[in-house]
Amino acid sequence: MNAVVFEGEPVALADGESVLDALLRQGHSIPNGCRAGVCQSCLLGAEDDVHIGAAQTGLSDAQKQLNYFLSCQCVPAEVINVRRVDTAGSRVEGVVVEKRQLNEQVWLLRLRADFDYLPGQYVTLWRDDSLARSYSLASLPSADGVIECHIRHYPGGQFSSWVANEAQAGDRVGVQGPLGKCVYSGDSERPLLLAAIGTGLAPIWGILRTALAQQHRGAINVVVGAKAPSDFYLHNELQLIAAMQPNVAVHLVCQDELAGTESFAVQQADIYQYCKQQFADMKGYGVYLCGAQTFVSKLRKQCFLAGANMADINADIFIPFGGP
Amino acid sequence: MSVYEKIGGDAAVNAAVDIFYRKVLADDRISDFFDTVDMDAQHAKQKAFLTMAFGGPNSYTGKDMREAHKNMKLTDVHFGAVAENLVATLQELEVPQESIDEIVAICLSVKDDVLNV
């Protein structure tokens with residue numbers, strides 16, 4: 001019978017069961033968040049590196065050397081010895097400074113938290129030791145140490161409901177990270193495509209302003225997709241930037257038919273067709289794609305086939321919470 | 001000197017991989033085998049394939065080749081399509097014909113394992 005030995009205590013592993021699921025089932029309290037290999041809240045340490053390679057995606061070299069692994073992604077073929085690791089040390093304390101609504105579903109959460117990051121990276125926010133979720137950073141590093149996340153409120157979502165209904169200035173939140181590599185490359189001459197749907201706009205908003213702050217000279221195309229016109233947010237700010245910066249073009253693309261009463265410039269189109277037409281030759285482009293998996297996958301392939309190099313296509317994929 | 005070294009080693013693989021993978025994805029005969037959500041993993045596999053095809057350092061055995069392509073019901077058409085795209089890639093990069101011939105020979109040496117015959 002296969003098992004995971006957790007700090008000396010054997011726990012049976014059902015067929016195909018992850019280490020995390022087995023330990024939770026046994027009643028052990030293991031912090032966890034996305035259960036999809038993204039948030040790194042379920043880190044454990046293994047005795048050796050034999051069965052954990054597949055569960056180390058996204059970890060740092062140092063974490064790998066310590067045989068840390070993501071327990072939600074680890075389905076070992078043989079008995080494996082594991083232990084708790086101190087992840088609290090990798091968290092800093094954040095304090096809620098402000099929250100406000102950006103549109104009907106999306107909230108802006110501003111936290112004071114002292115750590116270094118690059119715009120476009122993401123953090124895992126801890127409400128308490130059992131509730132953690134990952135969010136991309138929309139802010140630029142600033143002297144006041146305030147970070148910003150765009151949080152979509154899912155009815156029934158534990159963390160986002162806390163943000164929408166309860167969070168107030170002064171509340172404390174653990175901040176782990178930063179994680180992710182979807183950051184501005186610094187190559188200031190090349191044309192850019194920055195494309196987002198939903199709160200994928202958060203990292204794009206950070207990357208765009210970083211490019212501008214670093215005096216990016218190539219064309220910057222920002223494409224934001226939404227289902228209905230009311231799903232857009234920050235569109236006035238985006239269009240203001242486009243009006244002031246000659247090399248920035250903003251495309252707001254809406255899937256649903258327009259009522260004709262929209263107070264801002266928006267086009268009705270399929271976002272994939274729209275990008276195909278607008279960006280037929282993407283040779284030399286730097287590409288940043290942020291949002292749901294299907295959106296990123298589809299557009300990544302399209303950009304690659306249109307001539308963009310794989311290495312120049314950066315993606316921040318939003319993985320839905322994988323737990324029950 | 002191996003053909004891998006002659007055409008520039010890892011740098012040659014890096015130059016070829018995007019061109020080759022793009023051609024393969026655009027080829028209706030075989031694109032379904034390569035079209036995946038995880039483009040990064042597929043891209044890495046193409047790199048490994050090219051390194052092998054160029055005679056570079058790799059640890060593939062005939063058994064690996066067989067195992068990896070099992071149950072895919074591959075035919076001469078599929079094998080030929082990959083070979084054609086590979087040759088077109090090398091021509092685009094202006095690799096000398098003599099080296100292209102050597103690379104094709106390496107590919108042919110694993111054909112039976114790939115097709116599981």
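Each residue in the stretch A:110-122 was checked for being on the phi < 0 side of the Ramachandran plot, open to solvent by less than 60 Å² (accessible area, probe 1.4 Å) and either touching a helix residue (DSSP H, G or I) at 6+ places or on another chain (Cβ under 7 Å) or not in a strand (DSSP E or B) (or both), and 5 pass. Restricting to the stretch A:206-228, give me the number of residues that are touching a strand residue (DSSP E or B) at 6+ places or on another chain (Cβ under 8 Å) and farther than 10 Å from A:Gly291 by Cβ. Result for the stretch A:206-228: 15. Scanning the stretch A:89-109 turns up no residue that is aliphatic (A, V, I, L, M), surrounded by fewer than 18 Cβ atoms within 10 Å (Cβ to Cβ) and within 22 Å of A:Arg35 (Cβ to Cβ). Taking the numbered list (1) free of Cβ contacts under 8 Å to residues at least 24 places away in the same chain; (2) in contact with a strand residue (DSSP E or B) (Cβ under 7 Å, 6 or more places away or on another chain); (3) away from chain B (no Cβ under 14 Å) in turn, A:Leu240 passes all entries but (2). Just so you know, in the stretch B:24-83 the residues that are of a type in the set (S, T, N, Q) and more than 14 Å from chain A (Cβ to nearest Cβ) include one that is least open to solvent (accessible area, probe 1.4 Å), and it is B:Thr51. Can you confirm whether B:Gly8 is open to solvent by less than 70 Å² (accessible area, probe 1.4 Å), touching a Ser or Thr at 6+ places or on another chain (Cβ under 8 Å), more than 10 Å from every other protein chain (Cβ to nearest Cβ) and at pLDDT 90 or above? Judged against the criteria, B:Gly8 is not a match. For the stretch A:171-199, the set of residues classified as among the small types (Gly, Ala, Ser) and either without any contact (Cβ under 8 Å) to a residue 40 or more places away in the chain or buried (at least 19 other Cβ atoms within 10 Å of the Cβ) (or both) consists of A:Gly174, A:Gly177, A:Gly180, A:Gly186, A:Ser188, A:Ala195, A:Ala196, A:Gly198, listed by residue number. Among the criteria (1) closer than 22 Å to A:Ala211 by Cβ; (2) within 11 Å of chain B (Cβ to nearest Cβ), the one A:Gln293 does not fulfil is (1).
The values are calculated or read from the model by the stated rules, or taken from the named source; none is laboratory data. All of these numbers come straight from a predicted model, not from anything done at the bench. Note that each Cβ is placed from the backbone with ideal geometry, even for glycine, and that neighbours are counted across all protein chains shown. When the accessible area is computed, the model is the full protein with side chains, heavy atoms only, and any ligands, DNA or RNA have been set aside. Shrake-Rupley method; radii C 1.70, N 1.55, O 1.52, S 1.80 Å.
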